[in-house]
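Beneath this line is the structure, given in structure tokens, with notes to follow.
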Amino acid sequence: MDKTRILVTGGCGFIGSNFIRYMLSKYPYIIINFDKLTYAGNLENLKDVESDSRYTFVRGDIASKADLASVFEQGIDVIINFAAESHVDRSILDPDTFIRTNINGTFNLLEEARKREVKRFIQISTDEVYGSLGKEGKFTESTPLSPNSPYSASKTAADMLAMAYHKTYGTPVLITRCSNNYGPYQFPEKLIPLIITNALEDKELPVYGDGMNVRDWIHVIDHAVAIDAVLHKGVLGNVYNIGGENERTNIEIVKLILSILGKPESLIKYVTDRPGHDRRYAIDSSRIKRELTYSVTTDFRKGMEDTVKWYLDNRGWWERIKSGAYLEYYDLMYKNR
Ligand code: NAD
Ligand code: TYD
């Protein structure tokens, strides 16, 4: 039995929880999920694996050196850093925690990796570090970094620190930059779960600006498979772009959800645009496809139908989230817009 000990930070969030479930089903590794349980972290997301003896949950903050020291003392072979403040709109309202978690937190993890000599450090980054595209072109790994939101700027700073640690100390860093994910357990502040759950409640569907911004959507399990490939086959010091080869305008996404649910387009409400709103993201994933023999396998229509079904079948999960503190956020974000 392989006793490799993987520290997954932010494992109670959307992508981290899907990744942990995927890894436990495929490998014998020991997984330590280190998560602060912010508004976005939810123990329910991994209830089904809690009794697995290879899985441990540790509540802690990556921005706290003391919290990290106690988990590293038990021995860690691999770090996969998902922990982050992840929502662009929240970064516009209140950037402070983004700096603390995304920059200082990643710095603390890099310091632990340097001192303890871990074997691999995967920094889960985002295509948003490249900024915004016009109608043509795609982001490659050598596209200059040009972030536009406090969120993407903080992720860029973390990437640069990680790369500097690789170059200066030989820290075994790999960076992944994925496009927009969708799938089960996504917090209903992001476009797809917000639209699905609002539509199920017959609430207005807020579409920013003209609805023509483009994102390249990938199913969260296709993202997990890509991280698996980077973990096992990636070359240290490399960046790997991960995309869905699936560019869609926001309005197209909203209309697709309405058609799957059989709800009327009259629910759509165009609202004031997001400040600094990136127009288009598109990823060139030829490096990961070619060098690590990776490919996306989820059909988008099928992936969206399954995702809508998950939100229909798990009403309690999102209804609990959408009461309480979420209501204050929603008011702040969408009232008078
Ligand atoms: P999420 O907001 O759903 O989850 C983030 C998790 O991190 C939560 O469980 C939260 O409790 C935890 N966390 C936050 N601050 C922490 C701290 N200081 N210490 C420990 N844990 C903390 O985010 P997500 O959508 O699952 O994104 C995960 C990662 O993937 C992020 O790094 C994000 O930048 C990146 N990413 C996301 C997308 C996307 O479409 N969602 C696309 C590309 C990259
Ligand atoms: P989001 O899910 O927040 O991801 P990101 O900003 O990281 O790409 O938003 C996806 C797109 O949907 C983005 O162009 C903003 C837009 N959007 C809306 O039009 N309405 C909304 O209520 C939200 C949350 C996003």
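The values are calculated or read from the model by the stated rules, or taken from the named source; none is laboratory data. Note that the structure is predicted; figures quoted are calculated from it, not measured. Note: ideal-geometry Cβ built from the backbone for every residue, glycine included; neighbour counts use all protein chains shown. Please note that ligands, DNA and RNA were not included when accessible areas were found on the heavy atoms of the full protein model with its side chains. Shrake-Rupley method; radii C 1.70, N 1.55, O 1.52, S 1.80 Å.
Quickly rank 156-166, 313-323, 179-189 as a protection proxy: mean count of other C-beta atoms within 10 Å, highest first.
Descending packing order for the listed peptides: 179-189, 156-166, 313-323.
Close amide H partners of Leu174, meaning residues 5 or more places away or on another chain with modelled amide H under 5 Å apart, are Phe121, Ile122, Gln123, Gly237.
Estimated from the Cβ-Cβ distance and a Förster radius of 41 angstrom, the FRET efficiency linking Arg290 and Glu319 is about 0.40. The label-point distance for Lys233 and Val271, in a model that sets each label 7 Å from Cα toward Cβ, rounds to 4.2 nm.
With the whole protein complex present, Ile268 retains an accessible surface near 30 Å², based on a 1.4 Å probe.
Label-to-label distance, Ile251 versus Ser146, with points set 7 angstrom from Cα along the beta-carbon direction: 2.6 nm. With the cut-off at under 15 Å, measuring from each backbone N in the range 225-261 to a point 7 Å along the Cα-to-Cβ line of Asp2 picks out 225-234.
For the range 209-219, putting each phi into the Karplus relation 6.51 cos²θ - 1.76 cosθ + 1.60 with θ = phi - 60° gives couplings of x, 8, x, 9, 5, 10, 10, 9, 8, 10, 5 Hz, in residue order, rounded to whole numbers and with x for Gly and Pro. In the context of the full protein assembly, Cys178 retains an accessible surface of approximately 10 Å², using a probe radius of 1.4 Å and ignoring ligands and nucleic acids.
Over 32 Å between Cα atoms: which of Lys26/Lys289; Lys3/Lys138; Lys36/Lys309; Lys138/Lys255; Lys138/Lys269 fall into that group? Beyond 32 Å between Cα atoms: Lys3/Lys138. Listed by chain and number, the aspartates and glutamates whose C-alpha is less than 17 Å from the C-alpha of Lys65, apart from same-chain residues fewer than 8 away, are Asp35, Glu73, Glu111, Glu112, Glu117.
If R0 is 41 Å, what FRET efficiency do you get for Ala66 and Asp210 from their C-beta distance, rounded to 0.05? Show your work: numbers first, answer last.
On the way: r = 48 Å, r/R0 = 1.17.
It comes to 0.30.
Annotation for Lys309 and Asp96: the two label points, set 7 Å from Cα along the Cα-Cβ direction, are 4.5 nm apart.
Based on C-alpha pairs under 8 angstrom that are at least 6 apart in sequence, the chain has a relative contact order of 17 percent. Ranking Lys65, Lys190 by solvent-accessible area of protein heavy atoms (1.4 Å probe, all protein chains present), from largest to smallest, gives Lys65, Lys190. Helix content alone sets the calculated 222 nm mean residue ellipticity of the chain: runs of n ≥ 4 DSSP H residues at -39500 (n - 2.57) each, divided across all residues, give -11500 deg cm²/dmol. Below 8 Å between Cα atoms, with a sequence gap of 6+, how large is the relative contact order for the range 185-337 in percent? Value for the range 185-337: 33 percent. Between Gly244, Gly209, Gly11, the residue with the greatest mean-square fluctuation in the GNM of the chain (Cα pairs under 10 Å linked by springs) is Gly209. Near the amide H of Leu205, within less than 5 Å, lie the amide hydrogens of Ile268, Lys269, all on another chain or at least 5 residues away, with H placed in the peptide plane.
May I ask you to derive the FRET efficiency for Val58 and Lys26 from their Cβ-Cβ distance with R0 = 22 Å, giving the value to the nearest 0.05? E between Val58 and Lys26, to the nearest 0.05, is 0.50.
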